[in-house]
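Take a look at the structure below.
The values are calculated or read from the model by the stated rules, or taken from the named source; none is laboratory data. Being a predicted model, the structure only gives us computed values, none of them experimental. Cβ coordinates were reconstructed from backbone atoms using ideal geometry, including for glycine residues, and neighbour counts include every protein chain displayed.
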Amino acid sequence: MIIINSFCMNYLVLLLAANICLLACNNNEQPADTSSTTTDTPAAKTYESPAPVLLCFGKISNKDTVQLRLSVSDSTASGSLLYKLHEKDSNKGKLQGVLRGDTLIGNYTFQSEGTESVREVAFLLKDSMAIEGLGKIEERNGQMVFTNRSALNFGKGIVLKKIPCGDIAE
């Protein structure tokens, strides 16, 4: 019986030593493999900025037309905006803005009646729509800006639907 127990103990010690040796070998190889594949894979290039996304929205109803064309990259957006509202002066211009979540806040620089003006605009980009935000405005430094951006109302603004960008003239 003492011979059997001694044999079993030697066998267990040998198995334990083999497992420790295998684990030590695997740990030394794994970090080297991980570091070499990380630098060679395209996924490691996370600092490159994605290509701009082109989004277009529009509304044509009765005698009114509103069109918004945006190029969005990261959190910035630029593009054009056109308002042709019945019995009001039409205006067309450039939009430069910042996206915060699904809300675009930007400066709309446009021509109306031969005069260049700048006013702040807001759009909620949601469910293939761009919903214009409305709020109290005031003049600051020669442009119209919202008095309180957190109080913007997107429930009463013009609702633009996503359209093919080919339908909007640049």
Filtered residue count, segment 78-89, keeping only those that are assigned to a strand (DSSP E or B) and over 25 Å from the mean Cα position of the chain (by Cα): 2
Report the residue count in segment 127-144 for those that are surrounded by 13 or more Cβ atoms within 10 Å (Cβ to Cβ) and over 20 Å from SER75 (Cα atoms). 5
Of all residues making up segment 90-126, the number that are surrounded by fewer than 16 Cβ atoms within 10 Å (Cβ to Cβ) and under 14 Å from the mean Cα position of the chain (by Cα): 5
Subset of segment 51-69, residues among the aliphatic types (A, V, I, L, M) and assigned to a loop (DSSP other than H, G, I, E, B), comes to ALA51
Counted residues, segment 128-170 - those being touching a residue at least 24 places away in the same chain (Cβ under 8 Å) and basic (Lys, Arg): 3
Scanning segment 145-170 for residues that are of a type in the set (A, V, I, L, M, F, W, C) and outside any strand (DSSP E or B), the one nearest to SER61 (Cα to Cα) turns out to be ILE158
Are any of the residues in segment 92-110 over 18 Å from THR65 (Cβ atoms), without any contact (Cβ under 8 Å) to a residue 60 or more places away in the chain and hydroxyl-bearing (Ser, Thr, Tyr)? yes
Within segment 93-143, count every residue that is modelled with pLDDT of 95 or more, over 21 Å from ILE163 (Cα atoms) and not in a strand (DSSP E or B). 2
